[in-house]
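Below is one structure; the comments refer to it alone.
The values are calculated or read from the model by the stated rules, or taken from the named source; none is laboratory data. Just so we're clear, the structure is a prediction, and the values are computed from it rather than from any experiment. Don't worry about glycine lacking a Cβ; one is built from the backbone with ideal geometry, like all the others, and counts go over all protein chains shown.
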Amino acid sequence: MKIFDSHCHLDDKSFKQDFGRVIQRATEAGVIRMMTIGINETTSKHALSLAQKHDGIYASVGVHPHDVKNCDESILKGLVKLTENEKVRAWGEIGLDYNRMYSPQQVQENWFERQLAIAAELELPMVFHERDSNGRFLDILKNHGNKINGVVHCFSGNKYELDQYLALGLYIGITGIVTIKNRGAQLRKLVTGVPSDRLLVETDAPYLVPAPQRNHARRNEPAYVKSVLLKLAEVRNESSEELAERVWENTCGFYNLDDRL
């Protein structure tokens, strides 16, 4: 079983002391590829640095809605420069977050649209973050025009939103929320309706520890994405091996990587 953790934050300080063991545990669990996500200039550079040092790690670059209050064109120019490295396979994490509002709404929207345009010009897939945007996220995507090659990271929305994302041709990223008894109840119902060729699995490590690991671990890590995959197969009443193969192909295709090892 080959598994690709499609979204994690390996630059997080919680991994500093035991990074080698984290990667070893991932490999032992069959998680042999990982996408470590940039959320600003510093983390994007760190993500690329990690990717350059490890064969199975790839990087994305971008400015998260929490961080766009500090964004400017020079930062984006630097991120574009990073994409010249073959280990950079996506632009993101970008989007809108009206829950915490670490950046003003109009600032979020302006830089989201700017980054959409840059990623489209570079022909890079996009990693999206959306929280409580009250339809603005969808409005902006629809106004963007051409079919968007993107994934809605950590999907936890409703059926209307899911249907709209699928109609736009987006992938759906599923995290450990799907394993959690109460919090994941609605998500478990919705994932049964996602076409198998639109699914990705992710940890969002070090956040969102899945069950059963959350009973003893406070930090998520790529090895635990296997629990997400197994729960996904269970609720969809599918073979875990067949679903794993499908999701592996999806993720490699999304990030424009050869699915053969």
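Condition check ((1) out of contact with any Cys (no Cβ under 8 Å at 6 or more places or on another chain); (2) crowded, with 21+ Cβ neighbours inside 10 Å; (3) farther than 19 Å from V127 by Cα) across all residues:
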| position | (1), (2), (3) |
| --- | --- |
| G184 | yes, yes, yes |
| A205 | no, yes, no |
| A211 | yes, no, yes |
| N256 | yes, no, no |
| R260 | yes, no, yes |
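For every residue, the table says whether it meets (1) of a type outside the set (D, E); (2) modelled with pLDDT of 95 or more.
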| site | (1), (2) |
| --- | --- |
| M1 | yes, no |
| D5 | no, yes |
| D12 | no, yes |
| F19 | yes, yes |
| R25 | yes, yes |
| E28 | no, yes |
| V31 | yes, yes |
| S44 | yes, yes |
Run A205 past the list (1) closer than 28 Å to I32 by Cα; (2) outside any loop (DSSP other than H, G, I, E, B); (3) in contact with a strand residue (DSSP E or B) (Cβ under 8 Å, 6 or more places away or on another chain) and report the number of the one that doesn't hold. (2)
Apart from one, (1) surrounded by 24 or more Cβ atoms within 10 Å (Cβ to Cβ); (2) out of contact with any Gly (no Cβ under 8 Å at 6 or more places or on another chain); (3) more than 14 Å from Q115 (Cα to Cα) all hold for A47; the odd one out is (2)
Out of (1) over 24 Å from D132 (Cα atoms); (2) in contact (Cβ under 8 Å) with a residue 24 or more places away in the chain, the odd one out for E73 is which? (2)
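Within the stretch 212-225, can one find any residue that is in contact with a Pro (Cβ under 6 Å, 6 or more places away or on another chain) and within 21 Å of W248 (Cα to Cα)? Spell out how you get there, then give the answer.
Let us first name the residues in the stretch 212-225 that are in contact with a Pro (Cβ under 6 Å, 6 or more places away or on another chain), namely 219-220, 224.
When the remaining residues are screened for being within 21 Å of W248 (Cα to Cα), the result is 220, 224.
The answer is yes; a qualifying residue exists.
Return the residues of the stretch 18-38 that are buried (at least 24 other Cβ atoms within 10 Å of the Cβ) and not hydroxyl-bearing (S, T, Y); say none if nothing qualifies. Talk me through it step by step, then tell me what you get.
Residues of the stretch 18-38 that are buried (at least 24 other Cβ atoms within 10 Å of the Cβ), as a first pass: 26, 31, 34-38.
If the condition is that a residue be buried (at least 24 other Cβ atoms within 10 Å of the Cβ) and not hydroxyl-bearing (S, T, Y), then A26, V31, M34, M35, I37, G38 are the ones that fit.
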Condition first: crowded, with 22+ Cβ neighbours inside 10 Å, not polar (S, T, N, Q) and not in a loop (DSSP other than H, G, I, E, B). Now tell me which residues in the stretch 1-14 satisfy that. I3, F4, D5, H7, C8
Within the stretch 214-231, identify whether any single residue is farther than 29 Å from A119 by Cα, among the aliphatic types (A, V, I, L, M) and part of a helix (DSSP H, G or I), and answer yes or no. yes
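If you go through the stretch 216-243 one residue at a time, how many are among the small types (G, A, S), within 19 Å of D204 (Cβ to Cβ) and touching a residue at least 12 places away in the same chain (Cβ under 8 Å)? Quick ask: steps written out before the conclusion?
Residues of the stretch 216-243 that are among the small types (G, A, S), as a first pass: 217, 223, 227, 233, 239-240.
Still in the running and within 19 Å of D204 (Cβ to Cβ): 217, 223, 227.
With touching a residue at least 12 places away in the same chain (Cβ under 8 Å) added as a condition, the list becomes 223, 227.
Final tally of qualifying residues: 2.
Inspect all residues belonging to the stretch 45-68 and state whether any of them is in contact (Cβ under 8 Å) with a residue 60 or more places away in the chain, of a type in the set (K, R), outside any strand (DSSP E or B) and in contact with a strand residue (DSSP E or B) (Cβ under 9 Å, 6 or more places away or on another chain). Quick ask: steps written out before the conclusion?
From the stretch 45-68, those in contact (Cβ under 8 Å) with a residue 60 or more places away in the chain are 58, 60, 62, 64-65; that's our starting set.
Checking which are of a type in the set (K, R) leaves us with none.
Scanning the stretch 45-68 turns up no residue that is in contact (Cβ under 8 Å) with a residue 60 or more places away in the chain, of a type in the set (K, R), outside any strand (DSSP E or B) and in contact with a strand residue (DSSP E or B) (Cβ under 9 Å, 6 or more places away or on another chain).
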